[in-house]
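The values are calculated or read from the model by the stated rules, or taken from the named source; none is laboratory data. From a predicted model like this one, the values you see are computed outputs, not experimental measurements. Cβ atoms come from the backbone with ideal geometry, glycine included; neighbour counts cover every protein chain shown. When the accessible area is computed, the model is the full protein with side chains, heavy atoms only, and any ligands, DNA or RNA have been set aside. Shrake-Rupley method; radii C 1.70, N 1.55, O 1.52, S 1.80 Å.
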Amino acid sequence: MSTLQLLWFVLIGILFSGFFFLEGFDFGVGMSVQTLAHDEEEKEQIIETIGPVWDGNEVWLLTAGGAMFASFPYWYASLFSGFYLILFIILVGLIIRGVSFEFRHRMPDGKRRRMWNWTLSIGSFIVPFFFGILFISLVQGMPLDADGNMTASFTDYINVFSVVGGVALTLLCYLHGLNYITLKTEGPVRERARNYASFFYWILYVGLVVFAALLYFKTDFFDNHFLVTLLLVLGIVVLTVVANVSVFKKKEMVAFIASGLTLILLVALLFSGLFPRVMIGSEGYYDILIKDASSTPYTLKTMTWLSLTILPFVLAYTSWSYYVFRKRIKHPAVVAEGYEG
C-alpha cells in the first residue's frame, strides 16, 4: 500500500466525517420540525437556523462520493452497485428533503404546508437511518465474489445490527440537531430542545451499549484493531457524557461540539475497522483491499495537488458562511412580547 493510497482512504473518511458533523445537525433540525415545534411560527424559527447552510453542507457528501469514484473506482463500483437500493432510498430522502425547503415557503398555511413539513422531517429521518444501515452492513461483511460483485439477500442488508446502527446514527443526528437549536434560537424552542436532549441522551446510552456489544460479536474490529477500536468506542462514550453534562449545565457550544465529535469518532471507528480493506467479504475471503481498489499513482498524485489547492478556499468559504449567519433566530411572537431568552 502506497502513501497516496493511504492518504486518500483517510481523506474519504474525513469527508464523510465533515458531512455527518455538518449535515448531521441539519438532519436533526429537520426531524425537530415535527417533533419539537408546537406551531407554524416555531417550525419557521427552527428551519431558519439551517436555511443559509443546509445545501452547502450536502456538498461534503457529493465530494466524498466524487473522491471515492476518482481515487478508488473498484470500491466505488462494488459499493454503489451492491447497495444500489439503499443508496436510492437515501437519494429519495435527500430529494424530498431538499424540495421541501423551497415548496413549503410557497404554500399558504394549511394542509399543503403541513405536508411539506412532514416531507422535511421524513426525509431528514430517512437519510441518516439508511446511511446507518449501509455502513453497518458494510463493516459486517457482504457476500462478494472474486470480481467484487455483491450477491446479497434482504437479511444481509436488514438485520438486528444494521437496524441498531441505523437507529443509533439517527438518534445521534437528532441530538446533534437539538444541540444546534439550543445554540441558534431564543425563546421556548430553545428550552424545549434542551429538555428533549436531556431525555434522549439516556436512551442513547442504552443504544451505545447494545451497539458496542454487537460490534464485538458481529465484526472483526476487536480482533484486528483491538486497541484503536477500544479507544474509539470509549471516546464516543466519553463525548456523549460530555455532551449530556453540557446540556444540563447549559454550555451550549460545548454540547454541540461534543455531539459533532461523537459523529466524527463514529466514522473513524468504521473506517479504522475497515482498514486495510474497503469492502469486507462475509465468507472470510474476497475482501477488497485498499491497495487493489485504487486508481493509478499518477491519478492519485494529480488529485492530491488539486485538492490541496482548492480545499483552503472551500474551508474559508464554509467558515465565513457560519460566521455571517452566527446570530440566534428569534420567535416572532417572543420578540413582540420582549422575551430575552
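Tabulated results
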{"read-out": "Sole residue being buried (at least 17 other Cβ atoms within 10 Å of the Cβ) and more than 29 Å from residue 329 (Cα to Cα), chosen from 84, 76", "value": "76"}
{"read-out": "Scan of segment 5-17 for residues that are closer than 15 Å to residue 297 by Cβ and open to solvent by less than 50 Å² (accessible area, probe 1.4 Å), ordered by number", "value": "5, 8, 9"}
{"read-out": "Looking only at segment 165-201, and only at residues there that are more than 22 Å from residue 282 (Cβ to Cβ) and free of Cβ contacts under 8 Å to residues at least 40 places away in the same chain, the one that is least open to solvent (accessible area, probe 1.4 Å)", "value": "171"}
{"read-out": "Residue in segment 289-311 that is most open to solvent (accessible area, probe 1.4 Å), counting only those that are closer than 28 Å to residue 139 by Cβ and polar (S, T, N, Q)", "value": "296"}
{"read-out": "Residue match in segment 278-288 (condition: within 19 Å of residue 64 (Cα to Cα), in contact (Cβ under 8 Å) with a residue 24 or more places away in the chain and open to solvent by 10 Å² or more (accessible area, probe 1.4 Å))", "value": "no"}
{"read-out": "Filter result for residue 93 (at negative phi and at pLDDT below 90)", "value": "no"}
{"read-out": "Filter pass, residue 273 being at pLDDT 90 or above, assigned to a helix (DSSP H, G or I) and either open to solvent by 30 Å² or more (accessible area, probe 1.4 Å) or touching an Asp or Glu at 6+ places or on another chain (Cβ under 9 Å) (or both)", "value": "yes"}
{"read-out": "Residue pairs meeting the criteria (Cβ under 7 Å; at least 6 apart or on separate chains; first farther than 18 Å from residue 73 by Cα, in segment 297-321; second of a type in the set (Gly, Ala, Ser) and modelled with pLDDT under 85)", "value": "318/56; 321/56"}
{"read-out": "Check on residue 207, out of contact with any Phe, Trp or Tyr (no Cβ under 9 Å at 6 or more places or on another chain), part of a helix (DSSP H, G or I), small (Gly, Ala, Ser) and under 30 Å from residue 285 (Cα atoms)", "value": "no"}
{"read-out": "First in segment 141-164 and in a loop (DSSP other than H, G, I, E, B), second anywhere and open to solvent by 30 Å² or more (accessible area, probe 1.4 Å) and of a type outside the set (Phe, Trp, Tyr), Cβ under 6 Å, 6 or more apart", "value": "141/282; 143/151; 143/152; 143/282"}
{"read-out": "Number of positions in segment 182-240 that are more than 22 Å from residue 253 (Cβ to Cβ) and among the β-branched types (Val, Ile, Thr)", "value": "8"}
